[in-house]
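S.K.: This is the structure I want to talk about, given as structure tokens.
The values are calculated or read from the model by the stated rules, or taken from the named source; none is laboratory data. It should be emphasised that the depicted structure is a prediction, and the values quoted were computed from it without experimental measurement. With ligands, DNA and RNA removed, areas are computed over all heavy atoms of the protein, side chains included. Shrake-Rupley method; radii C 1.70, N 1.55, O 1.52, S 1.80 Å.
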Amino acid sequence: MVDEKNIEQITRLVMEMLREDSGREEGFMVPVGVSARHVHLTQADVETLFGAGYQLTRKKELMGGQFASNEQVTIVGTKLRAIENVRILGPVRKASQVEISQTDAMKLGVRAPLRDSGDIAGSAPIAVVGPKGAIYLKEGCIVARRHIHMSPGDARTAKVKDKDVVCVTADNARGTTFEEVLIRVDDSFTLEMHIDTDEANASGIKTGDAVVIHK
């Protein structure tokens, strides 16, 4: 016969296994931030657009030392189709870049490739117009790949690492599953998944909603 002590040990082991299974089923929950079209600029391009010595001014602090600036520009596609009031994100970068949705790309008449932010080699050309001038980027216009920002602690809890690719599910009326979601890990990051406005509209997701990671 199984004595009382063994019954307690078996019960404890079964309960631990059930908790682990439940955790695997539930996955790791991540809040969502819907990323609207925006622009990153070099300091030289900021000055071309806004005047010599001009510095971007802060409107809202973002993760990783970034900020949404008060400054906005107009972006112009190859067929002279334009989108106004596109916000600039700071601080300035080593290379200027424009991130748009696929719907924006169609409106502008540009063939913006799906890329990770910063990967602009061979990407679409675009013009950017400010109050004091304009710049023409021979490359730099992309549709940003969906991704999840995490701190190292979040990554350990979720059992993922930088540059992993995961599957993410939204448990809402649309029941959308996103595949090929890039994990980005850095000490300065706050936990958040970034999708563009096309993805958000199609899946019925808004900023602040939560999704679940499944490796």
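S.K.: Taking a cut-off of 28 Å between Cα atoms, list the lysines near LYS132, but don't count ones fewer than 8 places away on the same chain.
M.R.: By straight Cα distance, LYS132 reaches LYS59, LYS60, LYS79, LYS94, LYS107.
S.K.: Then there's this: Each residue of segment 115-126 in turn: what ³J(HN,Hα) in whole Hz from Karplus with 6.51, -1.76, 1.60 and θ = phi - 60°, glycine and Pro shown as x?
M.R.: 9, 6, 4, x, 8, 10, 4, x, 7, 6, x, 6
S.K.: Hey, what's the chain come to in accessible area per residue, 1.4 Å probe, Å²? Write down the numbers at each step before the final one.
M.R.: Working: 12280 Å² over 215 residues.
With the other protein chains kept in place, the chain gives 57 Å² per residue.
S.K.: To one decimal place, what orientation-averaged projected area in nm² is obtained for the convex hull of the Cα set of segment 53-177?
M.R.: If you wrap the Cα atoms of segment 53-177 in a convex hull and average its projections, you get 10.0 nm².
S.K.: Grab the Cα-Cα distance for LEU114 and THR157, subtract it from 0.36 nm times how many residues apart they are, and report the gain in nm with one decimal. If you can, show how the numbers build up before the last one.
M.R.: Working: separation 43, 0.36 × 43 = 15.48 nm, distance 2.90 nm.
Result for the pair: 12.6 nm of gain on full extension.
S.K.: Now, a different point. Based solely on its DSSP helices, what 222 nm [θ] is calculated for the chain when runs of n ≥ 4 H residues each add -39,500 (n - 2.57) and the sum is averaged over all residues, nearest 500 deg cm²/dmol?
M.R.: Details: 5 runs with 52 residues, N = 215.
Mean residue ellipticity at 222 nm (helix-derived): -7000 deg cm²/dmol.
S.K.: Next question, about the same structure. I'd like the Karplus ³J(HN,Hα) series for segment 174-188: coefficients 6.51, -1.76, 1.60, θ = phi - 60°, whole numbers in Hz, and an x wherever there's a Gly or Pro.
M.R.: Those phi angles translate into 7, x, 7, 10, 9, 9, 6, 9, 7, 8, 10, 10, 7, 4, 8 Hz.
S.K.: I've got another one for you. Could you pull out every residue, at least 5 positions away or on a different chain, whose amide H is within less than 5 Å of the one on LEU114? Hs are placed 1.01 Å off N in the peptide plane, and Pro or chain starts have none.
M.R.: So LEU114 has HN proximity to VAL143.
S.K.: Moving on. Given springs between every Cα pair under 10 Å in a Gaussian network model of the chain, which of SER35, SER203, SER101 has the largest fluctuation?
M.R.: Top of the fluctuation ranking is SER203.
S.K.: Please report, as a whole percent, how much of the solvent-accessible surface of the chain comes from carbon and sulfur atoms (probe radius 1.4 Å). Before the final figure, lay out the partial values.
M.R.: Values: 6400 of 12280 Å².
Of the solvent-accessible surface of the chain, carbon and sulfur hold 52 percent.
S.K.: Ok, one more. Can you tell me the 0 to 90 degree angle between the C-alpha axis of helix 4-26 and the longest principal axis of the chain, rounded to 10?
M.R.: Helix 4-26 and the main axis of the chain meet at about 20 degrees.
S.K.: What Kirkwood radius, in Å to one decimal, follows from the Cα pairs of segment 107-182? Walk me through the numbers on the way to the answer.
M.R.: Details: mean 1/r = 0.0655 Å⁻¹.
With all distinct Cα pairs of segment 107-182 included, I get 15.3 Å.
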